Amino acid sequence: MRAGILYSNHFLLIFGQFVIVWAVIDVLLNVSRIIFHILGKKPLVEFCIIAQIGSIFNRSALFLAVDTLLSFSIICLVLWSGWIKNLDLYESYLWYAATTLNLISISLVNIFSELHLDAEGNTYGQSPT
């Protein structure tokens, strides 16, 4: 959004707003899954918007992997483009926290998912379909 304002570029401004809304929805989906897990209930939503779309096709894990690729690509773009040096101190800490949580959470989701699969790839407690 800062680049959109700086260069009077409406596309970048709108894209920045879109990314912020997308990120907030993804955070809400993650918090929802955490709450359902704590309550011992089956989650009603996936980890992110892309995986939620994937659940329509019964391929949420594949779509979650695509989301992960997109997420890592954004991180690489920001690092390699040099945009990172334009962040002020507060934004830098926010960036560090967000990227760290992103990387750790993806690893934890993978570990959690694998721990809940049996040798044939079925979720424990569910019969194979």
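A short reminder: the numbers here are calculations on the coordinates, not readings from a lab. Treat the numbers as computed from the prediction; the structure is a model and nothing was measured. Here the Cβ is made from the backbone with ideal geometry for all residues, glycine too, and neighbour counts use every protein chain on show.
Any idea how far apart residue 105 and residue 69 come out in nm if each label point goes 7 Å out from Cα toward Cβ?
Here the modelled spin labels are 2.1 nm apart.
Taking the Cβ-Cβ separation of residue 93 and residue 5 as r and a Förster radius of 22 Å, what is the calculated FRET efficiency to the nearest 0.05?
Values: r = 22 Å, r/R0 = 0.98.
FRET efficiency, residue 93 to residue 5: 0.50.
In the chain, which whole DSSP H runs stretch at least 18 Å along their own axis (Cα) and average -1.0 or higher on the Kyte-Doolittle scale? Display every interim value, and only then the final one.
Numbers: long enough: 10-38 (42 Å, 1.82); 60-81 (31 Å, 1.98); 89-115 (39 Å, 0.87).
Qualifying helices, which must be both long enough and hydrophobic enough, are 10-38, 60-81, 89-115.
In what order do 80, 22, 95 fall by count of nearby beta-carbon atoms within 10 Å, going from fewest to most? Before the final figure, lay out the partial values.
Working: 80 9, 22 13, 95 16.
With the fewest neighbours first, 80, 22, 95 line up as 80, 22, 95.
With just the Cα atoms defining each centre, how far is segment 84-107 from segment 1-48? Give it in Å.
Value for the Cα centre distance between the two parts: 15 Å.
With all pairs of different alpha carbon atoms counted, what Kirkwood hydrodynamic radius in Å does segment 1-45 show? Working shown, then result.
Details: mean 1/r = 0.0822 Å⁻¹.
About 12.2 Å for segment 1-45.
Quick check on the exposure proxy: order 46, 114 from fewest to most C-beta atoms within 10 angstrom.
Numbers: 46 22, 114 9.
Going from sparsest to densest Cβ surroundings: 114, 46.
Using the crude model of +1 on Lys and Arg Cβ and -1 on Asp and Glu Cβ, and no other charge, please compute the dipole size for the chain relative to its Cα centre, in debye to 20.
Details: 6 positive and 8 negative charges, 45 e Å.
That gives a dipole near 220 debye.
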